[in-house]
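Structure, as C-alpha cells:
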There are 2 protein chains.
Amino acid sequence: MRRMTARPANAHQARLLKLLRDGGPNSRAQLGDQIDLSRSKLAVEVDRLLETGLVVADGLAASRGGRRSHNIRLNPGLRFLGVDIGATSVDVAVTNAELETLGHINHPMDVREGPVAVFEQVLAMAAKLKASGLAEGFDGAGIGVPGPVRFPEGIPVAPPIMPGWDGFPVREALSQELGCPVMVDNDVNLMAMGEQHAGVARTVADFLCVKIGTGIGCGIVVGGEVYRGTTGSAGDIGHIQAVPDGRPCACGNRGCLEAHFSGAALARDATEAAQQGLSDELASRWETNGGLTAVDVAAAAAAGDATALDLIREGGNRTGQVIAGLVSFFNPGLVVIGGGVTGLGHTLLAAIRTQVYRQSLPLATGNLPIVLGELGPAAGVIGAARLISDHLFSPA
Amino acid sequence: MRRMTARPANAHQARLLKLLRDGGPNSRAQLGDQIDLSRSKLAVEVDRLLETGLVVADGLAASRGGRRSHNIRLNPGLRFLGVDIGATSVDVAVTNAELETLGHINHPMDVREGPVAVFEQVLAMAAKLKASGLAEGFDGAGIGVPGPVRFPEGIPVAPPIMPGWDGFPVREALSQELGCPVMVDNDVNLMAMGEQHAGVARTVADFLCVKIGTGIGCGIVVGGEVYRGTTGSAGDIGHIQAVPDGRPCACGNRGCLEAHFSGAALARDATEAAQQGLSDELASRWETNGGLTAVDVAAAAAAGDATALDLIREGGNRTGQVIAGLVSFFNPGLVVIGGGVTGLGHTLLAAIRTQVYRQSLPLATGNLPIVLGELGPAAGVIGAARLISDHLFSPA
DNA sequence: TCTACTTTTTCCACTCACAGGACAAAGGCG
DNA sequence: CGCCTTTGTCCTGTGAGTGGAAAAAGTAGA
C-alpha cells in the first residue's frame, strides 16, 4: 500500500508541524503564541495543512475563558517506523507523528549475516507490528546501523563490524520495500537524537552521547544538530588509543579503547576471570549459561562480586580517560552514557565521572552533568523516528 | 576621533558586503551573478549601501563586451585593527575592509603583566600604526587572547596563563579606548579564522587548527563557523593526557600534552640536553644567547643536530597521538598546524602525520591533509580582523 | 438573566519586498 | 555604420504578510 504523505510547502508549515510534533495538540491561538506570524497568516497556513491531511481538527481545546477553539493535531493515522540495527540484535518500533512509541519489538540477530538477511528480519518485524493493528502502512522510516554512513545517500561506508554492508544502498532498498521515504544514520547519532528529543538532553544545545555496546561510539550534537564529520565517521572513538602498547585490536593497532572496554571485551575478560577461578559468581554463571556476556557481569556486580566490580571500574576508568580528553576538546554541556552496558549502572558512571572530573579543566567540568541515558533501548528507535520526521517535516 | 560606521540594514546588504570583502571590487552585474536577487532589487540595495558610505563607486569595471559598468568596492578608507595577544608577545596589524594587511608590528611582552599594561602597549602600537599614515581611525577591532573567553561579552574566564585577566572586561575597555566596536576571542580560534579566510582552509567546512606555541590549543570549525563550546573553552587540548603518569603539569595533573611538548617544554628540554652535554650545537647556542627557546631548537635541527631532531620527533609523536584521537572523534576535512613552533617545520609535521595516519581509521584519514599554516604570525591578526568584520557586516 | 469583558476566529484593506519586462545607454565586431 | 551584447534604470504586477475591525462564542459578576 502506497501512502501519499504530503510535505510542508514552506518553512512556516514546517515550523508548525514540528511544534505540533513536539508540543502535541494545540489550538490555533496557542500556536500563534509560539510562532512569529500574524493570526491571519497563521490561519492560512493551518488551513493549507488541513487540506493536505497532514494535520486534522480534533475536538475543542481547553478553554482559556473566551470563544471556544478547536484543537489542531497531527494526523493521528500517520505512522513512522524506527529501526535500530545493532551488532547482535534488531529493534523495530512504530510511532505516531508525535513520536510516541506505539509498539516496540526486539529480535536477536547478527549484523554480519548481511543486509539481505537483516532486511528480511526487519520487514518481518514491521509486518508483525502492522498485523497487530498498530499501523496500516508507514509514512516514513528511520534506520540506524552500527557503522559510518554516507548520510545524504544513506549508504554505509567501510563499516568495520558489518562485512557485506559496505556500499549497500540501504536507503534506496528499504524505501523500495517499505514504499515510503527512508533516512539512514549511524546508530549512535540516532541514540543522541533520541535522548535529545525525549530524554535527558532535551534542553542542551551541545552534548556528547557515548554508547557503549558491542563497540563504543559517540554521538556529537552541535547547536542542536548532529555533527557527522567530513566522511560520516565522526564520533568513532572506539579506536582512540586508551592504553599505550595495550591489547591488540581488530583494527590492527594496539590499545584501542574498544579492545579494553566494550560489551565484547567485557565478556571476554569475565570469561577469563571465571576460568582462572578468580570469581565464584562469574564461574557459576558461566556454567549455567554456557558463556558470559556483559549482562552477566552486571548481575555479578549487582550481587557484590569483587571481580566483576573491578572489571567495570577498570573499564570505566579507561573510558573516562578518553571522555576526559573529549570533554577538554569539545567542552560539551552534557555527557550522556548509554548503550547495552547501561546495566552496569552507577559503578560505571562513578568511574567515568572520577576520571573526567579529575583530568579535565574546571572550566569545562564545572557545570558538566555526566548522566546515564533515560530511554535505554528505546533511544535508538525514537531517534530514528525523529530523523525521518525531521526530514518529512522540512520543505520539500 | 569617533567614526560613525554604518551597519547593513538587512541580510541582502550583509551578503553584498561580505561578497565585496572576500571578492574585492565588482561591478553590479558581477555581484548579480553571485547573489540570488533581481537586478532591480540589487540596484536598490547597492544604492542604499552607497548612501551609507560603506561602499563607494570606483572607476570602470573590466569590459565584458557591452555597456561599460562601474566598479563597486568597500570604502577604501575603512580600517580594522587586528590584535593578537600571545603569551610572550603582542601582534597588531591594520587592514582595510578587504582584510588586506596594510601594516603589522610585533612587540615582545609578557601577558602576565596584566591587562592594563598590555592594553597600554596595544594602544601605543595602534597609535604608531596610525602615525605612519596607515589609518586615521579604526572602524572596528578584533582581539585574540591566549585563554578561554566568554564570547558574547568578550571577557576572559579562568585563563590559566593570564593571571589578572579573569573577568576583565576586555571588549568593553578596549571599545572605550579605541572608540570603535570590538570583538574578543581565543587566539587559537582567530588563527583558525585567519587560515580560513586567507590561508590553507579556504574551501573546507570542517577543520581543526592546532596551534603549538607557548601552550597548545586547537581551533574547531564546524560548517564554516568557529565552535566555542558551552563555556568557551572548546579546543583546550593542552591538558589532555598524552603520557600516563607523565610529567607534572602546572594544572595539577600529570602527563598533559603541554607538559611534554610546547614552546615552553621544548625550551626546557633543550636546556637540559645542553647542560648534560648531549648536544654541542645546543650547548653553543645556550652559551651565545644565555638561554634556549624553541627557535634555537629549530635552528639546531636545521643544522642537523640529532638531539634537537629527537626532541622535535618525540614531541611530534606525542602531539600526533593526541591529534589522532581528535581526528577519530571529529573527522575533520583538514588539520592545520601552526603557532610559534611552525619553524620546526617538516620534521614536526612528519612525526605528527605518522602518528595520525597510523592510529586513526582509514575512513577518517583517507583524504585528510595535515598541513602547516600558510600565514604564520599573520594568521592571528587576520583572523581578528575577520572576526570584527563578520560582526560589523551583519545586520544590526 | 442580563451585561460587560475575553478570547478566538474570520474578513478585508493596505503595505512592502521583489521579480521581471521594457527600454535606454554604451560598448564590441564585422 | 548597422547589429548584437552587456549593463543600468524605470515601472508595474504579484504575492506574502500585517494589523485592524467585526463577528462568534465563551466566562464572570450584578
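Just so it is clear, none of the values below were taken in a lab; they were calculated from the coordinates. Predicted model only: the values in this text are computed from it and were never measured. Don't worry about glycine lacking a Cβ; one is built from the backbone with ideal geometry, like all the others, and counts go over all protein chains shown.
Quick notes
- Inter-part distance, the range A:267-287 to the range A:1-68, computed on C-alpha centroids, equals 58 Å.
- Computed from Cα atoms, the angle from the helix A:345-359 axis to the main principal axis of chain A rounds to 80 degrees.
- Per-copy distances of the B:Pro395 label point, shortest first, in nm (7 angstrom along Cα→Cβ): 1.5
- Taking the C-alpha atoms only, the angle from helix B:378-392 to the longest principal axis of chain B is near 40 degrees.
- Reduced Cα scattering model of chain B, Debye log10 I(q)/I(0), q = 0.07, 0.11 Å⁻¹: -0.36, -0.83
- Equivalent ellipsoid, the range A:11-74 (semi-axes from 5 times Cα gyration tensor eigenvalues, Å): 17, 13, 11
- Kirkwood Rh and Cα Rg combined as Rg/Rh, the protein assembly as shown: 1.01
- Per-residue Cβ neighbour rank within 10 angstrom, fewest leading, A:Ile370, A:Ile352: A:Ile370, A:Ile352
- Sparse-neighbourhood loop sites, trypsin sites (Lys or Arg not before Pro) in the range A:31-106 - DSSP loop, at most 15 other Cβ within 10 angstrom: A:Arg64, A:Arg67, A:Arg68
- Residue with peak Gaussian network fluctuation, chain B [Cα springs, cutoff 10 Å], from B:Pro152, B:Pro25, B:Pro115: B:Pro152
- Cα-derived Rg over Rh, computed across the range A:312-396 with Rh taken as Kirkwood radius: 1.09
- Taking amide H atoms as placed 1.01 Å from N in the peptide plane, the amide H of A:Ser27 lies under 5 Å from those of A:Ile72, each 5 or more residues away in sequence or on another chain.
- Cross-link reach list, lysines versus A:Lys18, counting only Cα pairs under 25 Å and skipping chain neighbours closer than eight places: A:Lys41
- Sites B:Val44 and A:Ile35 - FRET efficiency at Förster radius 35 Å, r taken between beta-carbons, to 0.05: 0.75
- The range B:202-372 - convex hull of the alpha-carbon atoms, volume per residue in Å³: 122 Å³
- Backbone phi angles across the range B:48-59, fed through the Karplus curve with coefficients 6.51, -1.76 and 1.60 (θ = phi - 60°), yield HN-Hα couplings of 5, 5, 4, 4, 5, x, 5, 10, 9, 7, 7, x Hz in residue order; Gly and Pro are listed as x.
- Between the alpha-carbon centres of the range B:313-340 and the range A:114-150 there is a gap of 40 Å.
- Ranked list, fewest to most other Cβ atoms within 10 Å of each Cβ, for A:Cys209, B:Cys256: B:Cys256, A:Cys209
- With a Förster radius of 56 Å applied to the C-beta separation of A:Ala350 and B:Arg67, the computed FRET efficiency comes to 0.15.
- Exposure proxy ranking for A:Val170, B:Val327, based on other Cβ atoms within 10 angstrom of each Cβ and starting from the fewest, stands as A:Val170, B:Val327.
- Taking B:Thr231, B:Thr293, B:Thr347 in turn, the Gaussian network model of chain B (Cα-Cα springs below 10 Å) assigns the largest fluctuation to B:Thr231.
- Cα convex hull, the range B:315-356: 63 Å³ per residue, rounded to a whole number.
- Each copy carries a label point for B:Gly66 at 7 Å from Cα toward Cβ; from one copy, the others' points are 5.4 nm away, ordered from shortest.
- Between this copy and the others, label points of A:Ser284 are 7.6 nm apart in ascending order, each placed 7 angstrom from Cα in the Cβ direction.
- Stokes-Einstein diffusion for the range A:107-246 at 37 °C, viscosity 0.692 mPa s, with a Kirkwood radius from C-alpha pairs, works out to 202 µm²/s.
- Long-range HN-HN contacts of B:Gly103 with modeled amide H, under 5 Å: B:Val94
- Nearest-20 debye value, chain A charge dipole, Cβ charges on Lys, Arg, Asp, Glu: 1420 debye
- Under Karplus coefficients 6.51, -1.76 and 1.60, residue-wise ³J(HN,Hα) of the range B:325-338 in Hz, glycine/proline x: x, 5, 5, 4, 6, 9, 6, x, x, 6, 10, 9, 10, x
- Fluctuation leader among A:Ile240, A:Ile337, A:Ile312 - chain A, Gaussian network, Cα springs under 10 angstrom: A:Ile240
- Under 5 Å, built H, 5+ apart or other chain: amide partners of A:Val90: A:His107, A:Met109
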